[in-house]
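The values are calculated or read from the model by the stated rules, or taken from the named source; none is laboratory data. Since the model is a prediction, treat every value here as computed from it, not as a measurement. Neighbour counts are summed over all protein chains in view; Cβ atoms, including those assigned to glycine, are modelled from backbone coordinates with ideal geometry.
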Amino acid sequence: MQKVIVICGPTASGKTGLSIELAKKVNGEIVSCDSMQIYKDMTIGTAKPTVEEMQGIKHYLIDCVSPEQRFSVADYKKEATNAIKEILAKGKVPIVVGGTGLYLEALIYGIEYEEIEVDLDYRAHLDKIVEEKGLQYLYEEAEKIDVDAAKKISPNDKKRIYRILEIYKATRKTKTQLEKESRSKGPDFDYILFGINMDRDKLYERIDKRVDIMIENGLIEEVETLLKKYDKFPTAMQGLGYKEVIEYLEGNLSKDEMIDKIKMMTRRYAKRQLTWFRKYENITWLDGLKPVEENLKTIEQLLVN
């Protein structure tokens, strides 16, 4: 099987910088594995690499979907697989980079997600339950149906809570059960996994600093522009930072409360990301606080062996 390099890790751990330097060394191109960077016009809050940061390295699955569109795990797996094949056909090395565990798992384990039509009546029913009993109630219902899938997500992740319930209603099988059935087919490529980690306090410092920079660079204005330009955001505006800015714009949070909340929720997300990636077998961990050159040497040594 053809080899594909994967660099995963929590938000603000240095994946972008390392992957671009690696791509320059190994004649690679990058396939983003980030559920928010796919969306157009969402740049500051998703920490998309700038043209300057990309340094001429081609990136796939960034800025390619309207925020009004739904983009599923199945969509990602299909598009990412096509991108990997395109890179390999050029004689180059595909490097999958990102922090969205669900997307990455679909690739590295070859999980096939059934395309389930959205049942709008059932979704309206779920919305009503949230209105009357709160999202925590639905999360507990999802736990009863599929405790393994529920453990992987936040009790505040409305989109994925709905997904667990909708899959079960449509198929009478749990999300976990469907994943196990599809894993037997195996992945399309030989994925070589590298994870970036670092001292927790240092990571949280980097997250806090990144949020401050996003605010300085115009995250609030970016959200205001999005709200004027698009009518609906089925998935996109659930992104970290975006929903908190909307709360601020609606007068439900002060500016300081909004910033503190974004930092807190991002730190929690980073913790969940690490928990997710630590369960991967055959992953080589890199220290994000070490010089990039040192981590590149570790990667190159493993690729040669």
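Summary table
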read-out	value
Which numbered condition Thr46 misses (of (1) over 13 Å from the mean Cα position of the chain (by Cα); (2) farther than 29 Å from Ala170 by Cβ; (3) buried (at least 19 other Cβ atoms within 10 Å of the Cβ))	(1)
Residue check, Lys92 over 21 Å from Gly239 (Cβ atoms) and basic (Lys, Arg)	yes
Some residue of the range 279-296 being without any contact (Cβ under 8 Å) to a residue 12 or more places away in the chain, part of a helix (DSSP H, G or I), out of contact with any Phe, Trp or Tyr (no Cβ under 7 Å at 6 or more places or on another chain) and basic (Lys, Arg)	no
Number of the exception - Ala149 against (1) within 18 Å of the chain's Cα centre (by Cα); (2) among the hydrophobic types (A, V, I, L, M, F, W, C); (3) in the same structural domain as Gly28 (by TED's automatic domain parsing)	(3)
Hits in the range 88-138 - residues which are closer than 14 Å to Tyr191 by Cβ and β-branched (Val, Ile, Thr)	Val93, Ile95, Val96, Val97, Ile108, Ile111
Sole residue being farther than 25 Å from Lys297 by Cβ and aliphatic (A, V, I, L, M), chosen from Ala12, Ala23, Ala106	Ala106
Options Glu29, Glu52: the member that is of a type in the set (Asp, Glu) and at pLDDT 95 or above	Glu29
Some residue of the range 203-213 being in the same structural domain as Tyr103 (by TED's automatic domain parsing), part of a strand (DSSP E or B) and of a type outside the set (A, V, I, L, M, F, W, C)	no
Subset of the range 171-202 (residues that are in a helix (DSSP H, G or I), modelled with pLDDT of 85 or more and surrounded by 14 or more Cβ atoms within 10 Å (Cβ to Cβ))	Lys175, Thr176, Gln177
Pair list, Cβ under 6 Å, 6 or more apart: the range 73-95 residue in contact (Cβ under 8 Å) with a residue 60 or more places away in the chain, other residue surrounded by 15 or more Cβ atoms within 10 Å (Cβ to Cβ) and of a type in the set (S, T, N, Q)	Ile95/Ser19
Test: residue in the range 149-158 that is in contact with a helix residue (DSSP H, G or I) (Cβ under 7 Å, 6 or more places away or on another chain), of a type outside the set (Phe, Trp, Tyr) and over 26 Å from Leu135 (Cβ atoms)	no
The range 38-56 residues that are in the same structural domain as Phe233 (by TED's automatic domain parsing), paired with ones that are part of a strand (DSSP E or B) (beta carbon under 6 Å, 6 or more apart)	Ile38/Val65; Tyr39/Val65
Residue within the range 257-274 that is at pLDDT 90 or above, over 21 Å from Gly17 (Cβ atoms), surrounded by fewer than 19 Cβ atoms within 10 Å (Cβ to Cβ) and acidic (Asp, Glu) present	yes
Residue among Thr100, Thr11 that is crowded, with 18+ Cβ neighbours inside 10 Å, out of contact with any helix residue (DSSP H, G or I) (no Cβ under 6 Å at 6 or more places or on another chain) and within 25 Å of Leu286 (Cα to Cα)	Thr100
